[in-house]
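See below for the structure under consideration.
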Amino acid sequence: MFKLYDYQQRIVDETRSKLRQENKGVLIVSPPGSGKSVIIGEIARLTTLKKNRVLFTVHRQELVDQITGTFNKMGVDLDYTTIMTVGRVKNRLDKLEKPN
């Protein structure tokens, strides 16, 4: 598990707050090397702790492998997580479990 920096924890807290306000999506923008994977890993970990489902999409297969590794290191319950490329998700929308 990773210890988040203060700015990362702030992003996690603000993102979760916005989602609790019933926003359908939140865009996290941060520079390269700032730990976006760790930030989303913490959000996913907290979500799966409650047995809620996470859908995470990326644009390249290499990123599926990268985020899966990060999620594993962070203790995200992958039984409640779907990580796929956008194209695969598009082709399986009717078969995928709905994320929380």
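Quick note: the coordinates plus some simple rules give every number you see, no bench work behind them. All values derive from a computational prediction rather than experimental measurement. Quick reminder, even Gly has a Cβ in these numbers, built from the backbone with ideal geometry, and neighbours come from all protein chains shown.
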*Where a ≥ b ≥ c are the square roots of the eigenvalues of the C-alpha gyration tensor, would you call the stretch 53-96 rounded, which needs a/c under 1.5, or, failing that, prolate if a/b is larger than b/c, or oblate?*
oblate
*What residue among Gly75, Gly41, Gly87 shows peak mean-square fluctuation when the chain is described by a Gaussian network model with Cα springs under 10 Å?*
Gly87
_Using Cα-Cα distances under 8 Å and only pairs 6 or more residues apart, what relative contact order does the chain have, in percent?_
29
*Please work out the FRET efficiency for the pair Asp79 and Val26, using the Cβ-Cβ distance as r and a Förster radius of 25 Å; give the result to the nearest 0.05.*
0.55
*Ratio of the chain's C-alpha Rg to 2.2 N^0.38 Å, to two decimals?*
1.04
*With the chain treated as a Gaussian network of Cα nodes joined by springs under 10 Å, which of Arg45, Arg16, Arg53 yields the largest mean-square fluctuation?*
Arg16
*In sequence order, what are the phi-derived ³J(HN,Hα) couplings for the stretch 13-21 according to the Karplus relation 6.51 cos²θ - 1.76 cosθ + 1.60 with θ = phi - 60°, rounded to whole Hz, with x for glycine and proline?*
4, 5, 5, 5, 5, 5, 5, 5, 7
*What is the set of long-range amide H partners of Val54 at a cut-off below 5 Å, with H atoms built 1.01 Å from backbone N?*
Thr81, Thr82, Asn100
*Selected from Val29, Val76, Val12 as most flexible by GNM, with the chain as the system and alpha-carbon contacts under 10 Å*: Val29
_21 Å Cα-Cα threshold exceeded, pairs from Lys18/Lys50; Lys3/Lys73; Lys51/Lys90; Lys18/Lys90_ = Lys51/Lys90; Lys18/Lys90
